[in-house]
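See below for the structure under consideration.
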Amino acid sequence: MATDTGDPPRRLVRILHAATWREEVRSPVERRLAVALTTLYAATGLSYSALAVYMLRQEHLSPAVYGVGASVAGVLGLLVGPAIGALSDRVDGFVLYAVLMGVMAGATFCLTAAGPWAALGLLSVLVMCARGSSAVLGALIGRAVDRDRRVRFRATVRAMSNVAMVVGLALGAAVLAVGTRTAFRASFTAEALALSVTGLLVWRARGGAVAAAPEAPAAAPAPAPVPADAEQPSGTLRDGRVTVLLLLNCLFCLAEPMLAIAVPLWVGARLRVPMWGVSVVLVVNTVVMVLLQVPAARRVTDTSRAARSVRAAALLFAVAALMFPASAQLSRHLGAAAALCALVLFALVRAGGDVLYSVGSTSLSYELVPERSYGKSMGILGMGVDIAGLSAPALFGWFVNGGGALGWYVLAVLFVLGALPVRWIQNRIGERSWGNA
């Protein structure tokens with residue numbers, strides 16, 4: 001009888017455990033990293049739209065000039081990111097990350113007084129530091145968080161960051177609503193302060209990591225063997241598995257600009273859906289990602305499940321791509337409501353694919369290389385985000401203006417084909433388990 005009466009409370013505890021993120025952020029180091037990244041994404045949301053509008057309306061740059069400047073910044077970020085990541089394999093990553101945040105804070109504050117051409121130069125500095133800090137962060141988490149929990153920790157931080165970015169976007173919208181130079185300068189000052197806080201928190205996390213370091217060898221599992229060609233950091237790109245995963249990352253990272261670029265273009269040119277429908281799609285996508293990120297990560301406990309997660313994501317991305325021509329047909333024959341339903345379905349499917357790809361690819365990327373090469377490998381794999389971001393405007397613009405349904409069909413096929421090499425990557429890694437969620 002005692003056991004029976006105790007079951008409901010235990011079930012309730014398990015339900016609460018599944019619903020909370022607290023269990024995934026345990027040590028002082030992890031808490032400081034989580035708070036730092038949440039602060040960072042709130043600052044990112046604040047400037048997401050404000051920076052471009054400030055350049056165009058307050059600094060009076062033409063859209064063409066700003067576009068060229070943003071493209072140059074993207075290329076520089078693509079080149080510099082892996083180099084900064086490799087540097088984090090040789091110096092203290094906590095210090096390097098704090099320095100990068102300090103440089104970003106200084107560059108952001110300088111925007112309040114910089115002229116238009118200087119502002120474009122500062123944009124390049126911001127993008128380079130952002131891409132480099134992303135690689136450094138991946139290495140920090142790989143080394144500071146236990147192997148059996150780091151994927152779930154990254155998923156938790158990503159969910160928290162999505163919430164923070166929504167808050168930042170709301171504040172940015174208020175800045176855009178006011179639209180004065182003073183409002184923009186206030187937002188840049190606030191963002192610079194948030195970036196400084198982020199750097200300070202990561203700097204303080206270093207003390208906790210150093211204090212915990214002597215205890216780590218006894219508690220940590222034995223490192224998994226890696227191929228001889230992957231032991232040398234200089235051989236990261238010569239490892240065929242890393243190269244294949246980089247190519248897949250370039251392909252699958254197109255799912256992000258599918259949301260941010262393709263949806264507004266498609267709605268504006270091909271559908272009879274009001275433009276507020278774009279906001280509906282963004283909200284649905286964000287909510288789904290926040291709710292599913294951590295539960296999905298808890299299910300990925302070995303390389304086999306990680307590979308299955310990536311393959312499932314590829315299929316969901318293919319379905320999401322097919323929603324574009326489907327929405328055009330529905331808009332033409334059934335009207336705006338049916339087309340909007342197709343876009344909401346797109347948001348649901350794309351968000352599910354994004355969550356599965358994030359946790360699966362993160363798991364595989366940590367298993368591909370030795371710990372001493374985490375920074376460089378994260379920088380190289382992060383190039384997929386930059387390549388997708390640089391190619392997406394032209395690609396999706398062509399889909400809207402000329403490629404039409406055929407372009408989306410080809411992209412869907414490429415997503416499906418992208419699932420095929422994942423099993424080969426898994427087999428080259430081996431069947432490894434790092435504990436139960």
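The values are calculated or read from the model by the stated rules, or taken from the named source; none is laboratory data. Here the structure is a predicted model, which is why all the values come from computation and not from measurement. So basically every Cβ, Gly included, is an ideal-geometry build from the backbone, and we count neighbours across all protein chains shown. Surface accessibility is based on the protein's heavy atoms, side chains included, excluding ligands, DNA and RNA. Shrake-Rupley method; radii C 1.70, N 1.55, O 1.52, S 1.80 Å.
Descriptive notes on the structure:
- Residues in segment 405-430 that are more than 15 Å from A314 (Cβ to Cβ), out of contact with any Lys or Arg (no Cβ under 8 Å at 6 or more places or on another chain) and either crowded, with 17+ Cβ neighbours inside 10 Å or in contact (Cβ under 8 Å) with a residue 24 or more places away in the chain (or both): A405, G407, W408, Y409, G430.
- Each residue in segment 50-70 was checked for being within 21 Å of the chain's Cα centre (by Cα) and either among the β-branched types (V, I, T) or under 18 Å from A105 (Cα atoms) (or both), and 3 of them qualify.
- Among the residues making up segment 95-140, a single one is touching an Asp or Glu at 6+ places or on another chain (Cβ under 9 Å), more than 23 Å from Q58 (Cβ to Cβ) and not charged (D, E, K, R): A139.
- Criterion applied to A52, A105 was being in a helix (DSSP H, G or I) and at pLDDT 85 or above, and the one residue passing it is A105.
- Hits in segment 247-258 (condition: over 13 Å from the mean Cα position of the chain (by Cα) and open to solvent by less than 20 Å² (accessible area, probe 1.4 Å)): L248, M258
- Some residue of segment 76-83 being out of contact with any Lys or Arg (no Cβ under 8 Å at 6 or more places or on another chain) and more than 17 Å from S377 (Cα to Cα): yes
- Yes/no for R158 being over 27 Å from V91 (Cβ atoms), surrounded by 21 or more Cβ atoms within 10 Å (Cβ to Cβ) and under 16 Å from the mean Cα position of the chain (by Cα): no
- Among the candidates A313, A307, A318, the residue that is modelled with pLDDT of 95 or more and within 30 Å of I84 (Cα to Cα) is uniquely A313.
- Residue in segment 57-70 that is closer than 25 Å to A174 by Cα and either of a type in the set (K, R) or crowded, with 22+ Cβ neighbours inside 10 Å (or both) present: yes
- On the stretch given as segment 176-200, residues that are of a type outside the set (G, A, S) and surrounded by fewer than 22 Cβ atoms within 10 Å (Cβ to Cβ) total 10.
- Residues of segment 301-357 that turn out to be open to solvent by 10 Å² or more (accessible area, probe 1.4 Å) and β-branched (V, I, T), as a count: 4
- Selection count where residues are of a type in the set (K, R), open to solvent by 30 Å² or more (accessible area, probe 1.4 Å) and touching a Ser or Thr at 6+ places or on another chain (Cβ under 9 Å), scope segment 99-151: 0
- Any chance F415 is closer than 18 Å to R270 by Cα, over 16 Å from the mean Cα position of the chain (by Cα) and modelled with pLDDT of 90 or more: no
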